[in-house]
Amino acid sequence: MLEKNIKKSVKKSMFQFIETIHYRNGKMPLINWHNQRFLSTQKENWNAIIYPNILDILQKKFENYRFENDLSYKIRLVYGQDYLQVEAEKYTQKSISELYLIHADEVNYSYKFFDRSKLNQLKSKISTEAEIIAVKQNHLTDTSFTNIALYDGDKWYTPLDPLLKGVQRQYLIEKNILHPKEILVQDISNYSQIALFNAMVDWEKAWKFPINQINPALLNL
């Protein structure tokens, strides 16, 4: 919905980055981590801080907005050097039936770019209820919209070099729940479970699958 509205009003090239924030019952649990990424993205890409505080932007935007209690909302803040737009919509966690490995050596998503065309292209190779795990240089990275973690029976490990260092991932690392580690395709059998998570999904509600839910065939783009 937001993307359609944006395309109607301005050129897509103006929108470089996006933050996706979970709001529920007056709380945004990861807002500090979002703000850190929001500021570092601006500084590293523009050598300037144009928007100094994400919370101020959201409070002004939603001052008179009526959020329903006990519902999750996805707040999407899309921004470029000369444009910023914020919208909110109700969020429901999607179902995922199967996981596929896919080559993604050419994909760069080191910042949370608004343009997800490369990721969408990877995702188009499988059914709508399945999900990809992008493989770069034989290393597991992310799905098309989440970070991942694998469980070895003792600890949860998350890829050392994901496509995107998500805010939920950073929070879980700081809490010593996840441990960064290189995970190669041939290492998958050393683990018993895989979890998928992002800023919209708390760790307790993360998608979790037995490791054999990953289709062993490595797909090509």
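Where a number appears in this text, it was derived from the coordinates with a stated rule and is not lab data. In this text the structure is predicted, and so the values were computed from the model without any measurement. So basically every Cβ, Gly included, is an ideal-geometry build from the backbone, and we count neighbours across all protein chains shown.
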Spacing of the two label points (7 Å from each Cα toward its C-beta) at Ser127 and Gln213, in nm:
1.5
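Over 24 Å between Cα atoms: which of Lys27/Lys136; Lys175/Lys208; Lys155/Lys175 fall into that group? Display every interim value, and only then the final one.
Values: Lys27/Lys136 36 Å; Lys175/Lys208 19 Å; Lys155/Lys175 13 Å.
Over 24 Å Cα-Cα: Lys27/Lys136.
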Express as a percent, rounded to the nearest 5, the fraction of DSSP beta bridges in the chain (both residues included) that run antiparallel.
70
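Hey, what number do you get for the chain at 222 nm if only DSSP H runs of n ≥ 4 count, each worth -39500 (n - 2.57), divided across all residues, to the nearest 500? Display every interim value, and only then the final one.
Details: 5 runs with 47 residues, N = 221.
Mean residue ellipticity, 222 nm, calculated: -6000 deg cm²/dmol.
In the P(r) worked out for the chain, what percent of Cα pairs fall beyond 30 Å?
The calculated P(r) of the chain puts 25 percent of pairs beyond 30 Å.
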Mind listing the long-range amide H neighbours of Leu101? Cut-off is under 5 Å, sequence gap 5 or more, other chains count too, H placed in the peptide plane at 1.01 Å from N.
Ile133, Asn215, Leu219
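Give the order of Val201, Val167 when sorted by the count of other beta carbons within 10 angstrom, beginning with the fewest. Before the final figure, lay out each step's value.
Numbers: Val201 19, Val167 26.
Ascending number of Cβ neighbours within 10 Å: Val201, Val167.
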Please work out the C-alpha center-to-center distance from the range 41-66 to the range 71-96 and express it in whole Å.
14
Can you compute the radius of gyration and Dmax for the range 121-216, using only the Cα atoms, both in Å?
12.4, 35
Full-stretch length increase - Asn45, Leu84 - with 0.36 nm per residue and alpha-carbon distance subtracted
12.5 nm
